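See structure below.
The values are calculated or read from the model by the stated rules, or taken from the named source; none is laboratory data. As the structure is a prediction and not an experimental result, all values here were calculated from the model. Neighbour counts run over all protein chains shown; Cβ positions are idealised from the backbone, glycine included.
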Amino acid sequence: MSSLADKVRIIKQKFDELADELVKPEIVTDQKVYTRLNREYKNLKEVVETGNIYLDTLSNIDYAKEMIAEETDPEMKEMAKLELDDLESSIAKLEEKVKYLLIPKDPEDSKNAILEIRAGAGGDEASIFAGDLFRMYKMYAETMGWKFDVVNTNEGTVGGYKEITIDLAGDNVYGVMKYESGVHRVQRVPATESQGRVHTSAASVAVLPEADEVDFELDLKDVKKDTFRASGAGGQHVNKTESAVRLTHLPTNTVVECQDGRSQIKNYEKALTVLRTRLYEKELAAHNAEISQKRKSLVSTGDRSAKIRTYNYPQGRVTDHRINLTLYDLQNVMDGNIAKIIEALQIAENTEKLKETDL
């Protein structure tokens, strides 16, 4: 019996057990437990669906072999041989797909994400580049059908952003966007450069899995709320009212601001989401550090100080240093066409993970 088939059967059994658990009244009324089990159930669904096809194909192969061995009618035997050829040609692809789906998934992958972009070294040019990255991610989010909601901005003096925070919502957002965390470097002639010299600037990107209330229990007694008038863009109405919100988590002195909406209530809700996510991330960082000691992934270490990508304008190229991928398609990438890069990173990481399994 195939060890891969055994694994599929074990997953099927777990899937069925979860289905039974999710309809129990005591589970349905416990939001924390229900959310955790439902997330696990959804993560196993595709594995089970593909696994069923794989098991059916194995069964049909055995049946076709029996027919070839036992059938006396030449015509029926020939039909069985043709069917066996078709089945055996499809089983290899199915095995690879099942192996891929059985790779342990990060439980955070299915979550929404908080995206933070900060200008780094390079002064005004770094702020402009941070603005370019913001535009790139916004256009990519549109192609993915994600909700892209600006939480807070600190604009640069000549354009772009010193810092900007975005709430991204949609299918598998964190699982896709987590590869963008790190230092992004740009090489180009700045608009402010009169001599035509190429400068190198940088911006850092942080992608955090958005924490639900069931992930991190935030005691509101530990949170100090301040309101103030929004500054920068937003229109006169915003600036005349104290719609901006600043939240301070007193035990950790973690501060979050939200001033991009006109409603103080909405700004408060957004700020609370970011605050909960930042605090949850500290717990998650300790968990990830433990994992990284066991395996050194070249792709998604989560190290925000690591230089991950260079955008070279004179040569029209983008290089991702983690997988030595270079594309001479800079304009398309800056227009949000980053799917090819992200897919290559996903494949590289899954290849690493597959080597560590016994599949």
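Contact list please: Cβ distance under 9 Å, first residue in region 57-77 and closer than 17 Å to Ser89 by Cβ, second residue outside any helix (DSSP H, G or I) and hydroxyl-bearing (Ser, Thr, Tyr), pairs at least six apart or on different chains.
Listed by first residue and then by second, the contacts come to Leu58/Ser2.
If I ask for residues that are modelled with pLDDT of 90 or more and out of contact with any helix residue (DSSP H, G or I) (no Cβ under 8 Å at 6 or more places or on another chain), which ones from region 39-65 would you list?
Listed by number, the residues that qualify are Glu49, Asp56, Ser59, Asp62, Tyr63.
Looking for something surrounded by 17 or more Cβ atoms within 10 Å (Cβ to Cβ), in contact with a Leu (Cβ under 6 Å, 6 or more places away or on another chain) and at negative phi - is there at least one such residue anywhere in region 73-93?
no
Would you mind stating whether Ala92 is at pLDDT below 90 and part of a loop (DSSP other than H, G, I, E, B)?
no
Restricting the search to region 83-101, which residues are touching a helix residue (DSSP H, G or I) at 6+ places or on another chain (Cβ under 7 Å) and of a type in the set (Gly, Ala, Ser)?
Ser90
What's the total number of residues in region 96-153 that are aliphatic (A, V, I, L, M), assigned to a helix (DSSP H, G or I) and within 14 Å of the chain's Cα centre (by Cα)?
Of the residues in that region, 2 qualify.
Give region 312-359 a look and list any residue that's part of a loop (DSSP other than H, G, I, E, B), at pLDDT 95 or above and crowded, with 17+ Cβ neighbours inside 10 Å, or say none.
Within region 312-359, Gly336, Ile338 meet the criteria.
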